[in-house]
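Worksheet: one structure, shown below.
Rule-based calculations on the coordinates, nothing more; no lab input. Bear in mind the structure is a predicted one, so any value in this text is a computation, not a measurement. Cβ sites come from the backbone with ideal geometry, for glycine too, and all protein chains shown count toward neighbours.
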Amino acid sequence: MDFERELSALDVAWPETPAFRLELPQRRRRRLLVAVLVAAAVAVGAAVAGSSICAASPSSASSGCRRRRSARSAPGSARW
Amino acid sequence: MRPHQEIAFRVAYLITRNAADAEDAVQDGLVKAWRAFGRFRPGAPMRPWLLHIVANEARNRRRSAARREALALRASPGEAAPSPEEAVVDADERARLLAALDGLPDAMRLVLAYRHLLALSEEETAAALGVRVGTVKSRSARALEKLREAHGLRA
C-alpha cells in the first residue's frame, strides 16, 4: 500500500473556514484615540473652570487661587 | 493574506484539534502578521511566513484537556467505484487510514497531515512546524513507518 498516495487522496471533512477580519487593531487604536481625546477635553475643561473661578472671585480670602497668588507675591517667601 | 486564510485555519485546526481554538489562533495570527508586516522580507513567499505565525498561535492556545475533535472523511460522490461493495470496503479502508493517522504522536501526525492532507511543500511544512526542511524529511519517513505499523494493527 502506498501510504503517501492514499493519504493525499483522502477527502477530509474540514470544518468550515470562518470569515476573518482585521478589525481588532483599528478598533483598539480608535478606542485609544477616543480615550486620549476625552482625557484631553477633561483636562482643558478643568483648567478653564479653575481659571474662571479665580477670575470671578479675586477678593475671596479662602480661595486657593487667592492663597497661591499671595504666596507668590509675598516678600521673602522665595526659597533660596 | 485573504487567499491563505483557509489553509491557515486548517493548519491551526490540525494543531488545536478544535475549530473554535483554531479560529481564535488564526484571528490572532492575522493581527500579529498585520502588525509585523513591516518586517516581512519583500519578494519572500508569504504563505510559509503566515503559516509559521498562525501555527505558533495555535500551539500557544492548544488545550490538552479540552475537547479534541477527530478528523473525519467526507463522502466523495464524484468517485467512480467499481461496485457498491467495493466502495464500502474502500471507504472503510480510508477511514481506518485516517484513524491511524489521527492516533499518531503529534509531531508525526502533523508532518504527514501538512504534507499530504494539506499538500504543503516541505518548506511550508518546515515553517509551520518551526523546524528545518531536513527534519521534515526524516520525520516524514519515520511517521510513514509508524503509520504503516498502526494501520497494520488496525487491520
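Averaged over peptide B:16-27, the number of partner chain Cβ atoms lying within 10 Å of each residue's Cβ comes to 2. The C-alpha atoms of chain B define a longest principal axis, and helix B:19-35 lies at about 30 degrees to it.
Report, to the nearest 10°, how far helix B:133-154 tilts away from the longest principal axis of the Cα atoms in chain B, using its own Cα long axis and a range of 0 to 90°. Between the helix axis and the principal axis of chain B, the angle is about 30 degrees. Using Cα atoms only, what is the angle between the long axis of helix B:46-60 and the major principal axis of chain B, expressed in degrees (0 to 90) to the nearest 10? Value to nearest ten degrees: 80. Put simply, when A:32-42, B:105-115 are sorted by average Cβ atoms within 10 angstrom per residue, most first, you get B:105-115, A:32-42.
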